[in-house]
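Computed from the coordinates by the stated procedures, all read-outs in this text should not be read as laboratory data. From a predicted model like this one, the values you see are computed outputs, not experimental measurements. Glycine also receives a Cβ, built like all others from the backbone with ideal geometry; neighbour counts cover every protein chain displayed.
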Amino acid sequence: MRHLHTPTTRNRLVGALVAGLLCTTGLAAPALATPATDPVAPALADGLALTPPMGFNNWNSTHCREEFNESMVKGIADLFVEKGLKDAGYQYVNLDDCWALPSRDADGKLVPDPARFPDGIKAVADYVHAKGLKLGVYTSAGTKTCDSAGFPGALGHEYSDARQFADWGVDYLKYDNCNNQGVDAKSRYTTMRDALRAASRETGRPIVYSICEWGENKPWEWASDVGHLWRTTGDISDNWGSMLSILKQNLPLAPYAGPGHWNDPDMLEVGNGGMTDTEYRSHFSLWSVMAAPLLIGSDLRKATPATFDILANKEVVAVDQDPLGKQGTVLSSEGGRWVVAKEMKDGSRAVALFNETGGAQRIATTAAAVGLPAAPAYTLRDLWQHRSYNTAGGISATVPAHGTVLVRVSAGRGWAAQPPAVELGLGTAPLVEAGEPATLTTTVTDLGRTTARRVAVKLSGPADWTIRAASRTTAPAVPTGRSLRTKWRLTVPEGTATGSYDLTLKATYRSPRGVRVETVLPVTASVVVPPPPGTSSLGDLPWMSAANGYGPVERDTSNGESAAGDGHPITLGGVVHAKGLGVHAASAVEYYTGKECETVTADVGVDDEKGDRGTVAFEIWADGTEVASTGVLTNAMPAQPVSADVSGAEVVRLVVTDGGDGIDSDHADWADARLTC
C-alpha cells in the first residue's frame, strides 16, 4: 500500500473498492453491496483452502531486516507446536519478500539468499514438513518484488518459478502486484494459476494460491476460479485506524466468499504492540467472523502470554474455520455499534457485538434478527469467557471502548442446563471533576428464560476514591427482562490528575439449580476539568481521549509521521496556521465541555504535506449527535470553514473519516480550531 510514511512500508497503491463503504462512527447503518446476480463463479476444484488458510507471515514484524532468516522461520515452526498453535489449526509458515538474491542465476532460476537461508528453501520446507506444518513463499506478478531493493519478480518466469517452488516443497504462494509493467491483472494472475497447476501435475505438490493485488481490480468479481484467496484492501498497519478502515472495506464483500475462495483483508497485527489487547481481541474476533485468512503477523518469539491466548482461542478459531464457509454480514452499525452475524454449519449463529467508539456502549440484537428459528429459549456461548448461558432471545452487552463481545447462539433443548445470561449496564459513562461528587447508575438485567436469584452487585475503583451505593445492591430474584438498578456516588480526591481510571462492576447470582455465577464489566471513569470561559484554542485544551489512524494526534502541527512531535506547520492550500490539531483518518478527539460551551469553529482540510493525495471528511458530534459535517474534501481544495452549535453538550467529539477510499495519505488538519464557552 502506498502510504508513504516509513521506509519499510511497501510502495503500494490503494485502489477504490466498493461504492458506499460502510459507515464510520455515528453514521447510519450501511447498505451492503447486493450483486444483481449470483456473484460467485465456480471455485477451483482442487480441494484446497476449503476453510480460510491459517498460519504465519513475517512481513508485519520483520519486513526485510536481517532477523528474517532460516533460524527465525524454523523457530516459528517450533513455536507453532510448542504453544498449541498447530493444535488450534495454524498450518502455514510463510516467507514474505527478501528471501532471494537480487538476480537470477545463469539458467534464469531464483536463488535463495545464502546469508539468510544457507541451507536453501527446500531444507526449510523439509524442516517445516517434519513438524506436520506447511511452507509458503512470496513473489510478485511483476518484473521485481515490492521491496525497494527489487528482488526478482515472476512476470515472464511463471512456469519456471512455479516448478521451482513445487520442487522445493512449497505449499502456499503469495503473489504480489508490484512492478507489473501495466499488464492486465487478470491475465497475470491467471498465468500463474496455470503455471501452478502444471507444476502440481508434474510433481504432485498442490500449492494454495494467494492473490495479492490489493483489491485494485475487484478480484472478488473474477478470481474465484483463479486463486484460493485474494486481497481486498491495501496493506494493514498496526493501529486502530488502519484495522478499522480495512474492516469496513471487507465487510460488504460477504457474498463473494466461500470454501476455496476467500476475501483476504490482510494479515493479523495481533501482538505487534500498536494496539491494546482489547483492540487485538476485536481484530481477531472480526477477522474470524468475516471468515478471513488468519495469518499471524507478529514475531512469536517475542509474543506475550496475552497474544498467545488471543491467537490460540479455539472457540474463536472455530468461527473462522466453520466448514459452511459463510462470511459474516452486517445487521446494524448505527452510532458505531456494530452487529455482525455469521451462519454456522450446525445451524447456530456467531454474533459479534463490536464497539467502534471511544466509550462503553450497549449493543443489542435478538435471536430472530440473526436468523435463528423461534424457540422457547436459546443457548448463548461467550467465546472469550468460555461460558454458556440461556437467553430468552435477547443478545446484548455493554461493550467497552473498541471492544467486541463474540457469542455463539443456538436453538435447542440444551438451554435449560445453563444459568441465565445477565447483562451488566451503565446509565452513562462516568465523567468526574476532582473534588465534586458524581452519580453513576448501574443495572443488572436478566436476559435468560430462567430467573437469576440472590443477585448482588459491587462497584470498586482506586483505593483513594470514595464509592458508595445510594440504593440497593442486592435482590432475592431478578426475573426475565427485569433489572436490579443501583445508584452510586463517586468522589475523587482534589488534585487527582485528569485522565482515564479503571473501575470494576461485578455481579454475582445463582441459577435456579443453585450454581453460583460471577460476571464482571470493566468500567472506565474519566477525571475531567471544565474548559475555561471565553474562547480557547482546542490545541491548548486537554482532551478526554484521542484515537488516530497513524501516529498520535499532534497539537499545533500536522500529523507528520508515526512519532510524537514529528509534524510540520499546519498548512492548507499554501496557508500556514499557527494553531490547531493535526490528525490522520480515521480519527476521533473528545473534549469535556461540561454543558458550558456554545460553539466549535475551525478551518479544515487535507494538509499540504501529502502533496496531491488524501481524501477525508470532517464531523463534529455533541453528546452522540452529529451537529456538523463537511462531506469529502481533497488536497486540491482550499481550507473549508466548519462550525457547530454545541450548547448544552457534555462531550464534544471531532471526527475525521477516510472519505470512503481507505486511509492512505489522509493527513487532516483542524486549523485554528476554537471552543467558545
With a cut-off of at most 16 other beta carbons within 10 Å, and DSSP calling the residue loop, which trypsin sites (Lys or Arg not before Pro) in the range 313-376 qualify? Please list them. LYS345
Find, among the trypsin sites (Lys or Arg not before Pro) in the range 483-547, those assigned to loop by DSSP (not H, G, I, E, B) with at most 13 other beta-carbon atoms within 10 angstrom. ARG513
Please list, in order along the range 432-448, the HN-Hα scalar couplings obtained from phi with the Karplus expression 6.51 cos²θ - 1.76 cosθ + 1.60 (θ = phi - 60°), rounded to whole Hz, x for Gly and Pro. 10, 8, 3, x, 10, x, 10, 10, 10, 10, 10, 9, 10, 10, 7, 8, x
I'd like the orientation of helix 240-250 relative to the chain: the angle between its Cα long axis and the longest Cα principal axis, in ° from 0 to 90, rounded to 10. 70 degrees
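Net charge around ARG337, counting only other residues with Cβ within less than 9 Å of its Cβ (Lys, Arg = +1; Asp, Glu = -1)?
Working: positive: ARG362; negative: GLU334, GLU356.
After counting each charged neighbour, the total is -1.
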Hey, what number do you get for the chain at 222 nm if only DSSP H runs of n ≥ 4 count, each worth -39500 (n - 2.57), divided across all residues, to the nearest 500? -4500 deg cm²/dmol
Give the long-range amide H neighbours of ARG387: residues separated by 5 or more places, or on another chain, with amide H under 5 Å away, using H modelled in the peptide plane at 1.01 Å from N. ASP382
Quick one: 3J(HN,Hα) in Hz for the range 480-488, Karplus 6.51/-1.76/1.60 with θ = phi - 60°, rounded, Gly and Pro as x. 3, x, 9, 9, 8, 10, 10, 9, 10
Net charge near ASP346: determine it from the other residues with C-beta under 14 Å of the C-beta of ASP346, scoring Lys and Arg +1 and Asp and Glu -1. +3
Ellipsoid equivalent to the chain - semi-axes via the Cα gyration tensor, in Å: 43, 33, 22
How charged is the neighbourhood of GLY551? Take every other residue with its Cβ under 9 Å from the Cβ of GLY551, and add Lys/Arg as +1 and Asp/Glu as -1. -3
Taking H as built 1.01 Å from N, whose amide H comes closer than 5 Å to the amide H of ARG205, not counting residues under 5 places away? none
Check which residues have an amide H placed less than 5 Å from VAL93's amide H, if you skip close sequence neighbours. PHE56, LYS134, LEU135, GLY136
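Using Cα pairs closer than 8 Å and at least 6 residues apart in sequence, work out the relative contact order for the range 321-453, in percent.
On the way: 320 pairs, mean separation 28.6, N = 133.
Relative contact order for the range 321-453 comes out at 21 percent.
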Angle between the Cα long axis of helix 277-289 and the longest principal axis of the chain, 0 to 90 degrees, nearest 10? 60 degrees
